[in-house]
Number of protein chains: 2
Amino acid sequence: MGLVQPREVLIDEVRQGFGGIHSGRIGAPRMAGILYVVATPIGNLEDVTLRALRTLREVSLIAAEDTRRTARLLQHYSISTRTTSLHEHNERTKAPQLIDRLRAGDSIALVSDAGTPVISDPGQTLVAAARAAGIRVESIPGPSAVMAALASSGLEAREFVFLGFPPTRSKDRKLWLENLAAQTRLAIFFEAPHRIRRTLTDLGTQLGVDRELAVGRELTKVHEELVVCTIEQHLKHFSEPRGEFTLLVPPAAALPRADAGRPSDDQLRVMLGELTNNDVSTRRQALKVLADRYGIAVNELYRLLDGSHDAGHKP
Amino acid sequence: MGLVQPREVLIDEVRQGFGGIHSGRIGAPRMAGILYVVATPIGNLEDVTLRALRTLREVSLIAAEDTRRTARLLQHYSISTRTTSLHEHNERTKAPQLIDRLRAGDSIALVSDAGTPVISDPGQTLVAAARAAGIRVESIPGPSAVMAALASSGLEAREFVFLGFPPTRSKDRKLWLENLAAQTRLAIFFEAPHRIRRTLTDLGTQLGVDRELAVGRELTKVHEELVVCTIEQHLKHFSEPRGEFTLLVPPAAALPRADAGRPSDDQLRVMLGELTNNDVSTRRQALKVLADRYGIAVNELYRLLDGSHDAGHKP
């Protein structure tokens, strides 16, 4: 990549891209084609990269989760590449045909309805099959609702867990909620508009209605919002919910920063409970984490927090 | 967003965008400005969205992790917006000044060196401060190395955990590796070129050198690669590592699909161990997960797997 490029050249490239002057296929000199996994807008059609547009224009075929939905994007950018449907119900039967075309030298772009394919979207079967067949696979990165919500939430994002959609069967759902409540990392998941109130209600039952969390709605669209407040307030706010939802649930008691001074004994007790529940397999290890982090002697922590439990573990 | 738009209009828009004809500020009619959290390329300068370019052009100021690095992007796209540095060492002192400017009506774009700000990058302090001050914050989504690696890996991606960078202090590192080994979800993390061999070696010790994982290097760049093989093979392959690394570690024993038939007794035992270690808090719950998932009577599973442990829990 040249770092300094005359503006004229760049505009010409872009104009070519939009005008469809390019006729060469990406990867044409190779024997086999390339499978491009292309991220597309999650709501705002302007959220598409220059390379995504070029790739969608230049490949032989676009495998789309919903061809009608992808048609809107293509029409908006005057891209006339043929599309074929690839969704969860036909992925297993369709993937081999697409692999044959890739083998024959055609390059294919994989897109989902919105955002980055494969993550909570179809495509994994095709990508895995392509890799197994020795086909080159490349990501054309772009929008993802997970990252969009996280970046603008203001929440601590050094680590997080992404959980897809909550299960709908009540047994699975119960376990899922228990697991969510036990997370020591920020948890991110999606929810559909017709289920968001039920999910907020269940979260209230599991976590307490005064627990704070972030809910993003219609991110990148005209009426986007990302609200950080208690579950009770969310239930009032989203009384007639529409659009796609992204929820961010901070852990109950994230460890305070090491440079913030020694936590209180009560805080230490809560943190020990968190650590042993999830992150670290034994109380012994958890005590060491806290001792290291806050510069407290391990023996003192053992006496303070562990008197009644693991007496045998005392040093 | 209009769905059908004449091509000429679109090209005019793009030309304006690149030509800098727009002079109006985004959000100008509002009293306060807007803080835009803007994702930028992770390696290929073409991986930038139309809206990111427009936003970077139209805001009053760009707060950049490294102004020299951001200057390359801006120069490439002939964007002349002023930049100011905002990195982990000055974020706390600088954020209040930027909040004052936002309050005064200026819109500001926050960018990191590469990818989506805040996630493993500075910016959280500013975003949180802006939200606390009632300033509107919007994501302009785009590239993220996490999503780029995940989408093209072919690995199961319905759920995952993102772990940032491995700690470097050996005590923290030991716990971190133990925690990684205990994950029941795909784990994703970053590593620097000068530490990747040490980390692969430590992973080999913790997980076994024949464990398969994916390593992405220089994603979206000319020499990008994403290799899925054993740790031993990675160590041979990356003998003189360069570039930025993204690692994807599948869980030791992901639950086989429910429609793949009944797992063997040994497989069930391993799965029970996984579940009780991590995902689910009690053996009772874990047994129910397996019973539900594979259509096995709970009583049979209790007899089979739980005879010697939680006898008191038997129904």
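The values are calculated or read from the model by the stated rules, or taken from the named source; none is laboratory data. Keep in mind the model is a prediction, meaning the values are calculated, not measured. FYI the Cβ positions are ideal-geometry reconstructions off the backbone, even for glycines, and counts take in every protein chain you see.
Quick notes
- For residue B:148, the requirement of being more than 8 Å from chain A (Cβ to nearest Cβ) and surrounded by 15 or more Cβ atoms within 10 Å (Cβ to Cβ) is not met.
Here's the yes/no breakdown for (1) more than 30 Å from residue A:122 (Cβ to Cβ); (2) at pLDDT below 95:
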position	(1), (2)
A:156	yes, yes
A:162	no, no
A:169	no, yes
A:180	no, yes
A:190	no, no
A:195	no, no
A:216	no, no
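- Scanning the range B:119-128 for residues that are more than 12 Å from residue B:36 (Cα to Cα) and buried (at least 20 other Cβ atoms within 10 Å of the Cβ) gives B:119, B:120, B:121, B:122, B:124.
- Pair list, Cβ under 7 Å, 6 or more apart: the range A:35-47 residue within 7 Å of chain B (Cβ to nearest Cβ), other residue surrounded by fewer than 24 Cβ atoms within 10 Å (Cβ to Cβ) and of a type in the set (Gly, Ala, Ser): A:42/A:114
- Note on the range B:43-67: residues that are buried (at least 24 other Cβ atoms within 10 Å of the Cβ) and assigned to a loop (DSSP other than H, G, I, E, B) amount to 3.
- Residues that are away from chain A (no Cβ under 12 Å) and at pLDDT below 70, drawn from the range B:256-269: B:256, B:260, B:261
- So residue B:228, is it surrounded by 15 or more Cβ atoms within 10 Å (Cβ to Cβ) and either in a strand (DSSP E or B) or of a type in the set (D, E, K, R) (or both): yes
- Pairs where the first residue, in the range B:49-71, is within 12 Å of chain A (Cβ to nearest Cβ) and the second is among the basic types (Lys, Arg) and surrounded by 24 or more Cβ atoms within 10 Å (Cβ to Cβ), C-beta under 7 Å, 6+ apart: none
- Some residue of the range A:200-220 being surrounded by fewer than 16 Cβ atoms within 10 Å (Cβ to Cβ), touching a residue at least 40 places away in the same chain (Cβ under 8 Å) and outside any helix (DSSP H, G or I): no
- Test set (1) within 12 Å of another protein chain (Cβ to nearest Cβ); (2) in contact with a Ser or Thr (Cβ under 9 Å, 6 or more places away or on another chain); (3) not in a helix (DSSP H, G or I) - residue A:95 fails condition number: (3)
- Applying the set (1) at pLDDT 95 or above; (2) touching a strand residue (DSSP E or B) at 6+ places or on another chain (Cβ under 9 Å) to residue B:119 leaves exactly one unmet item: (1).
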